[in-house]
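Written out below as structure tokens is the structure these notes cover.
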Amino acid sequence: MGLRAYLLVSACDEVEQGEFVRILRDLEEMPGVDFVDPVIGSSDMVIMIDAPVTVQDVANKVAAKKWCKELQVLRIVSMFERHHASKKELLTAMVHSGV
């Protein structure tokens, strides 16, 4: 397993249904892409990235597509990493506040 992230992607309004299906299939074949799901909401699709080296390379390739209107990267972190960072910030704040 490499570095993982979700990409929230919005397609340009001009993309028709047939082209959208082709885009989804093409993305599924892209190296580093684990799965692609179309969604309803503020984004048109969610892409799960499992990249061996860097998530940003895959995100840049998707963002460079002419049909891509907007892309947001949500990096996945383990609970330990998230807890560790929060604990570190809390300890730093306590030291500076004299607690």
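A few points about this structure:
- The length gained on full extension between Asp50 and Asp37, counted as 0.36 nm times the residue separation minus their Cα-Cα distance, comes to 3.2 nm.
- Net charge in the neighbourhood of Asp44 (other residues with Cβ under 11 Å of its Cβ; Lys, Arg +1, Asp, Glu -1) is -2.
- Rg followed by Dmax, in Å, when region 4-82 is reduced to its Cα trace: 12.6, 43
- Anchor Lys66: aspartates and glutamates whose Cα lies under 19 Å away (excluding residues fewer than 8 positions away in-chain): Asp13, Glu14, Glu16, Glu19, Asp26, Glu28, Glu29, Asp44, Asp57
- Computed from the C-beta positions of Ala63 and Gln17 and an R0 of 35 Å, the FRET efficiency is 0.95 to the nearest 0.05.
A short reminder: the numbers here are calculations on the coordinates, not readings from a lab. Computed from a predicted model, the values in this text were never measured in an experiment. No Cβ is skipped: glycine too gets one built from the backbone with ideal geometry, and neighbour counts run over all protein chains shown.
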